[in-house]
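Step one of this worksheet: look at the structure below.
None of the figures in this text is laboratory data; all of them are computed from the coordinates on show. Bear in mind that the values here come from a model prediction, so they are computed numbers and not experimental data. Don't worry about glycine lacking a Cβ; one is built from the backbone with ideal geometry, like all the others, and counts go over all protein chains shown.
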Amino acid sequence: MRGYVHIYTGDGKGKTTAALGLTLRAVGAGHKVFIGQFIKQGEFSEILLLRARFPEVTIAQFGRGCLIRGRPMPEDVALARQGLQVLREAAASGCYGVVIADEIHCAVSAGCLEVESVLDLIAARAESVELILTGRSAHPRVLEQADLVTEMRAVKHYFNAGVAARTGIEM
């Protein structure tokens, strides 16, 4: 079976959630899934569940768990580059039916990764691998290489009214 490249981008909520939904569908169909998360770090509710109940899912985090404002710290860049190498190996191996690069577009726009490295990841994947790239501000050159692009658009969000992220809903 041929794999495709999906991009979930935009300023609306739901990019990672969509990738996690695809994870459940893929595992239900007997596929192994690799999830690599850029910038993020932490035992969020979905991470706890996947690690506890889904041995078919491998999760790695390549971040310090904080927003990057301005120039990234050298540690942010190093973690992102290491993560990209791990993802490239997972995508090229053919061992996984689905490989997810969560928040990779944010890593590019923050200056932790170059757009060329994302294009190299796409080119390096095994033909059978479904590659999912998430995050705000997907680069136009990456969008051109995708087979499917979904843009999440913020219409209204309770965050703007001061509601903090809630366990089980946003984290």
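Taking each residue as 0.36 nm, the span from R71 to T17 lengthens on full extension beyond its C-alpha to C-alpha distance by 16.7 nm. Here, P(r) means the percent of Cα pairs in each 5 Å bin from 0 to the largest distance; for the range 100-166 it is 4, 14, 24, 21, 14, 10, 8, 4, 1. Distance from the Cα centroid of the range 79-152 to that of the range 1-29 is 12 Å (rounded to whole angstrom). Magnitude of the charge dipole for the chain, about its Cα centre and with charges confined to Cβ atoms of Lys, Arg (+1) and Asp, Glu (-1), is about 420 debye. Loop-resident trypsin sites (Lys or Arg not before Pro) (DSSP state other than H, G, I, E or B) in the range 105-171 with no more than 16 further Cβ atoms inside 10 Å of their Cβ: R136, R153, K156, R166.
Looking at the calculated P(r) for the range 5-138, what percent of the C-alpha pair distances fall above 20 Å? Show your work: numbers first, answer last.
Numbers: 3536 of 8911 pairs.
Percentage above 20 Å: 40.
Counting lysine pairs in the chain whose alpha carbons fall under 17 angstrom apart, excluding pairs fewer than 8 residues apart on the same chain, gives 4. Extension gain for R25-R53 works out to 8.6 nm (0.36 nm per residue, less the C-alpha to C-alpha distance).
Identify the trypsin sites (Lys or Arg not before Pro) of the range 64-95 meeting these criteria: DSSP loop state and at most 10 other C-beta atoms within 10 Å of the C-beta. Numbers along the way, then the final one.
Details: sites: R64, R69, R81, R88; in loops: R64, R69.
The qualifying sites are R69.
Qualifying GluC sites (Glu not before Pro) in the range 90-171, where qualification requires a DSSP coil assignment and no more than 10 other C-beta atoms within 10 Å, comprise E127.
The value for the range 1-80 of Rg(Cα) / (2.2 N^0.38 Å) is 1.23.
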